Amino acid sequence: MSPANFSEIVKTYQKQVYNLALHYVHSTADAEEITQDVFLKVYEKIEQFEGNSQLKTWIYRITINTCLDFLKSKRFKLFKTFFQNTQDSSNSHNSYSTSIHPGIQLENKEGLSNLLKAINRLPENQKTVIVLLKIEQLSQQETANILNLSSKAVESLFQRAKKNLQQILTNTKEHEK
Amino acid sequence: MKNNSSNYLMNESLDLLNGIQKLDPPSQLFDKIMLKVERQKLYHEKIDGKWLGIAAALLVGLMSVEMYFIFTTKQQKEKQQIVQLMGSTQNNLYHE
C-alpha cells in the first residue's frame, strides 16, 4: 500500500475513529491513544482486508475491538492499583471515578452523564449496540454488518440493552434516595 | 400499559444521546499516527529481510560445525579404546 493511499485513509476516517473511541473511554487522551493504535492495526492488516465489507465497516470493527481491549486492560490496571492500595490501607476511590464525555453540552450535562454512566455498566455487546445505533446513529443493518450479526439479533440486543438500562437507572435513583 | 410508558420514557432518554457533539480530533493527531506507522515500518525493516537470513545462515553454520566436532571426537575416542584393548594382549608377563 502506498503512503499516499494510507494517509488518505487516515484523513478520511480519523474523526470517526476518534469520536467512536471517545464514546467508550470519555477521555481525549485515551481516545487519541486508541486512534493511533487503530490506524497502526489498519496499516498492518490492510493486506488482509478482502473487501467483503466496506472499509468504513472494517475500521469501525477494529476500533470497537481496540476500545474494548483498552477498557479491559485499564480495568485490570485499576484492579491492580485498588488491590495494592487496599493492601497499603489507603483510600483509592479516585481510581474508580468515571470521567465525563467531552462531547456533552452544558444544557443537559447531568442527565446525559448519568445515562452514559449507566450505559457503561451494560455488557459489552449491548453497550456497543447502543453506541452504534443511538450515538453514531447508524442503521440497524450497518450495525449488524459491523458486529457480524443478523439484523434481528441486533434488534433483540437493543431491546435487552434498553431493559437493562432501565433497571440500572431505577436502581441508581433508589440508591440516591 | 406500564411497560409501554416506561419503554417510551426509555426511548426519550436515549434520544438525549443525539445531543452528544462530535469533536474534531486534535490537529497533531494525524502527524502522530503517521510517525507511529513510520516507526513500525522501520522496526520491521530492521528485523526482517536480509539480516534475518544472515542470522539464520550463521546459526545453521555454527550448528553444523558443532555437530562435525562432536562426531569426529566420538570416532577418535572409539579408535583409541580399540587400540588400548589390543595393546593389553601384548603384556610382558606372558613372555617366557
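Per-structure values
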read-out	value
Residue pairs, from the table A:Lys11/B:Lys41; A:Lys74/A:Lys163; A:Lys45/B:Lys36, whose Cα atoms sit over 21 Å apart	A:Lys74/A:Lys163
Note, ³J(HN,Hα) from phi for segment A:27-39, Karplus 6.51, -1.76, 1.60, rounded to Hz, x at Gly and Pro	9, 5, 5, 5, 5, 4, 4, 5, 4, 4, 5, 4, 6
Nearest-10 value in Å² for the accessible area of A:Arg160, using the 1.4 Å probe	120 Å²
A:Ile100 long-range amide H proximity, modeled H, under 5 Å	none
Cα gyration tensor category, rounded, prolate or oblate, for segment B:1-73 with a/c compared to 1.5	oblate
Average partner coverage of A:33-42, which counts Cβ from other chains inside 10 Å	3
Largest-first ordering by accessible area, 1.4 Å probe, given options A:Leu68, B:Leu59	B:Leu59, A:Leu68
Ranked packing of A:109-117, B:11-19, most packed first, by mean Cβ within 10 Å	A:109-117, B:11-19
Whole-Hz ³J(HN,Hα) from phi, Karplus 6.51 cos²θ - 1.76 cosθ + 1.60, for segment B:15-27, glycine and proline x	5, 4, 5, 4, x, 6, 6, 7, 9, 7, x, x, 4
Three-way shape call for segment A:1-72 based on the alpha-carbon gyration tensor, with the a/c threshold at 1.5	prolate
All aspartates and glutamates inside 16 Å of A:Lys152 as judged from Cα atoms, apart from same-chain residues fewer than 8 positions distant	A:Glu142
Under 14 Å, Cβ to Cβ, from A:Ser156 - net charge with Lys/Arg +1 and Asp/Glu -1	+3
Cα-based radius of gyration of segment A:133-177 once divided by 2.2 N^0.38 Å, which approximates compact folds	1.46
Average partner coverage of B:30-43, which counts Cβ from other chains inside 10 Å	4
Probe 1.4 Å - accessible area at B:Leu9, Å² to nearest ten	100 Å²
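The values are calculated or read from the model by the stated rules, or taken from the named source; none is laboratory data. Model, not experiment: these values are computed from the prediction. FYI the Cβ positions are ideal-geometry reconstructions off the backbone, even for glycines, and counts take in every protein chain you see. Remember, those area values only see protein heavy atoms, side chains included, never the ligands or the DNA or RNA. Shrake-Rupley method; radii C 1.70, N 1.55, O 1.52, S 1.80 Å.
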